Amino acid sequence: MRDDVEQLLMQLDKIQMQLNFGRTDQVILNPLRFSASLSVVNEILPSVISTMHTKKPDMLFYVNSLPIVSMSQAIRRGNVDFALSIRKIEHSSIISKKLLSAREVCIMPKSHPLATKSTLSVDDINHEKMIMASRTDPAYESHRELLYKHKIRYQRILESPFSTLSMAMIPALNALSINNVLIAELVCQHNSHITWRYVEEFIDQTDFYLSMPPWLNNSKTENLFLDSFRESLMKITQKLNIDTI
């Protein structure tokens with residue numbers, strides 16, 4: 001079957017699903033289409049989708065990674081069912097719910113002298129090499145302001161909007177990076193060369209949001225996702241003392 005015909009049939013199925021949801025919330029969407037930031041795609045969605053598959057083995061999943069503006073458009077155009085992002089999608093025809101908040105931490109090579117400390121002060125970062133968020137990321141300015149406020153001098157060695165890339169480069173560059181503790185811990189579980197530490201002055205939190213069209217709000221499909229999200233991350237959120245929705 002040609003791809004364009006298959007896509008048209010999927011859209012017709014989706015329209016029928018929306019009509020069904022107008023009468024009942026007992027229908028689980030299949031296929032289910034996700035869009036998420038790259039770090040969520042790499043570090044969170046695999047375990048969530050695996051858990052959903054265990055509960056519903058016949059489900060088909062589609063996943064892509066889009067900028068947040070494109071996520072908003074994709075939801076409104078009916079091309080995406082759920083979007084996961086670290087910024088709330090503000091639009092009158094989109095429902096966004098905060099899933100959890102994760103405190104920011106400092107990530108470093110395990111061989112770095114700072115790794116011998118259990119907790120850091122921002123002064124410990126003075127004169128270190130830093131991997132920074134992209135200038136388009138709101139965290140970029142907040143990190144700069146915090147370091148400037150404490151008169152921290154540092155060498156900016158890499159800027160990237162992709163946190164998983166930044167953390168992958170930490171050992172080779174022998175540099176530090178700032179990220180949220182959830183993604184940091186998930187990456188550290190499969191990258192034995194890096195570790196993370198809380199920094200006393202780092203009190204900012206990264207919020208994770210689930211966004212959807214209004215007709216999926218409080219639906220059986222959303223409940224399936226939320227149950228799977230909580231279940232798949234339960235051990236790590238309990239370890240880090242993170243509350244989930």
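Worth a mention:
- Folded to 0 to 90 degrees: helix 45-55 orientation relative to the chain principal axis, Cα: 40 degrees
- Spin-label model, ASP204 to LEU60: label points 7 Å out along the Cα-to-beta-carbon direction sit 4.2 nm apart.
- Computed from the Cβ-Cβ distance with R0 of 45 Å, the FRET efficiency linking TYR140 to VAL27 stands at 0.60.
- Footprinting exposure proxy for TRP215, TRP196 (fewest neighbouring C-beta atoms within 10 Å first): TRP215, TRP196
- Dipole of the range 103-205 computed with +1 at Lys/Arg Cβ and -1 at Asp/Glu Cβ about the Cα centre; of PRO161, MET130, ALA172, farthest Cα towards the positive end is ALA172.
- With 30 Å as the limit on Cα-Cα distance, the pairs of LYS117/LYS149; LYS88/LYS235; LYS97/LYS151; LYS56/LYS110; LYS88/LYS110 that go past it are LYS97/LYS151; LYS56/LYS110; LYS88/LYS110.
- Cα pair distances in the range 103-205, grouped into 5 Å bins until the bin that holds the longest one, percent each: 2, 13, 27, 30, 21, 6, 1
- Fraction of beta bridges assigned by DSSP in the range 103-205 that are antiparallel (%, nearest 5): 50 percent
- Residue-wise HN-Hα couplings along the range 164-181, as the Karplus relation 6.51 cos²θ - 1.76 cosθ + 1.60 with θ = phi - 60° gives them from phi, are 5, 5, 4, 6, 5, 8, 4, x, 5, 8, 6, 10, 9, 9, 10, 8, 7, 5 Hz; Gly and Pro carry x.
- Seen from every direction in turn and averaged, the convex hull around the alpha carbons of the range 64-109 projects onto 4.5 nm².
- Relative to the dominant Cα principal axis of the chain, helix 220-239 is inclined by about 20°.
- Using alpha-carbon coordinates, inclination of helix 3-21 to the longest axis of the chain, degrees: 80 degrees
- Burial ordering of CYS106, CYS188, fewest other beta-carbon atoms within 10 Å first: CYS188, CYS106
- Neighbour-limited loop hits for GluC sites (Glu not before Pro), the range 157-245 (at most 13 other Cβ within 10 Å; DSSP other than H, G, I, E, B): GLU200
- Ratio Rg/Rh, restricted to the chain and using Cα atoms, in which Rh is the Kirkwood radius: 1.03
- Cα→Cβ-extended label distance, 7 Å offset, between ASN223 and LYS129, nm: 5.2 nm
- Fewest-first sequence of SER160, SER72 by Cβ atoms within 10 Å of each Cβ: SER160, SER72
- Within the chain: Cβ-based charge dipole about Cα centre, in debye rounded to nearest 20 (Lys, Arg +1; Asp, Glu -1): 100 debye
Every read-out reported here was derived from the displayed coordinates using simple, explicitly stated rules and does not represent laboratory data. Treat the numbers as computed from the prediction; the structure is a model and nothing was measured. Neighbour counts run over all protein chains shown; Cβ positions are idealised from the backbone, glycine included.
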